[in-house]
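The numbers here are math on the coordinates, done by the rules we state, and not lab data. What you see is a predicted model, and the numbers here were worked out from it, not measured in a lab. Ideal geometry is used to build each Cβ from the backbone, glycine not excepted, and the neighbour counts take in all protein chains shown.
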Amino acid sequence: MSAARAKSKAGRFIVVDGPDGVGKSTQVQLLVEQLDMRGVHTLSLREPGGTTAGEIIRSLLLEKRQEKLTAVAEAFLFQAARAQLVAEVIRPALARGTWVVCDRFTLSTLVYQGDAGHVSARAIQQLSELSTGGLKPDLYLVLWAATTVCVGRRAEREADRMESKGARFLRDVSGAYKRHAERGRGKYKLVDAAGPIEEVRARLWKHVERLLP
Ligand code: TYD
């Protein structure tokens with residue numbers, strides 16, 4: 001099969017990333033529904049998780065009893081879950097022509113373990129290259145809203161281990177997302193996540209629509 005033909009058959013890979021409480025899971029669900037309505041078969045995934053090994057790693061990372069993991073250990077674990085997800089689920093789905101929408105990807109590790117956890121950004125980028133085998137999203141959306149908005153939105157659910165790291169950590173995470181998205185405009189699309197769900201959905205859709213055949 002020619003490279004052009006292989007490309008036209010391949011599914012698209014969309015990532016929705018951003019700080020805790022920004023409303024990612026709601027928007028991912030709406031996006032997948034909207035794609036399905038347009039006749040685009042779409043697989044919805046979240047990181048960490050999505051494979052048997054990935055779900056075990058997820059509970060290791062997010063259960064509160066594992067308080068003492070270092071940021072370096074976290075970086076390896078998130079990347080291990082990612083390697084498994086990319087190889088076992090994402091690549092085969094894209095090859096079948098299925099679109100993939102993933103809640104979080106490489107920028108999460110760069111922000112949480114790198115900027116907020118002080119692990120070297122270069123080391124994290126190298127690990128990301130390894131875990132993804134160089135797979136790059138067709139569209140990398142970064143949802144962003146001020147920390148006060150995010151904290152308010154997640155107020156109803158109990159905080160997991162990552163979310164219990166305190167106000168300073170949350171501020172570092174929030175600032176880092178904004179910085180990366182603003183500086184890496186070729187790579188990331190910064191989407192304003194403040195305001196009603198419907199407005200945010202429409203902002204996201206403007207970007208996704210351009211990928212439709
Ligand atoms: P999750 O409950 O999925 O949160 P959310 O709905 O906000 O995505 O938990 C994922 C947590 O793991 C979240 O606090 C961010 C963190 N995380 C990292 O620290 N590094 C990573 O590489 C990834 C993928 C997630």
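Laid out as a table, the results:
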{"item": "Part-to-part distance (alpha-carbon centres) for the stretch 37-51 and the stretch 167-213, which is given in Å", "result": "19"}
{"item": "Filter on LYS165/LYS187; LYS9/LYS136; LYS64/LYS165; LYS68/LYS136; LYS24/LYS206; LYS136/LYS178 - keep pairs with C-alpha separation over 22 Å", "result": "LYS165/LYS187; LYS68/LYS136"}
{"item": "For the stretch 97-213, alpha-carbon Rg and Dmax in angstrom", "result": "15.2, 44"}
{"item": "Listed peptides 12-25, 176-189 by packing density, highest first (mean Cβ within 10 Å)", "result": "12-25, 176-189"}
{"item": "The chain - charge dipole about Cα centre, Lys and Arg +1 at Cβ, Asp and Glu -1, debye rounded to 20", "result": "620"}
{"item": "From the C-alpha gyration tensor of the chain, square roots of 5λ in Å", "result": "26, 21, 16"}
{"item": "FRET efficiency for ARG168 and THR26, using Cβ-Cβ distance with R0 set to 30 Å, rounded to 0.05", "result": "0.70"}
{"item": "Kyte-Doolittle at least -1.0, axis length at least 18 Å by Cα - qualifying DSSP helices, the chain", "result": "24-37, 71-85"}
{"item": "Helix-only mean residue ellipticity at 222 nm for the chain, each DSSP H run of n ≥ 4 adding -39500 (n - 2.57), per residue, nearest 500", "result": "-15000 deg cm²/dmol"}
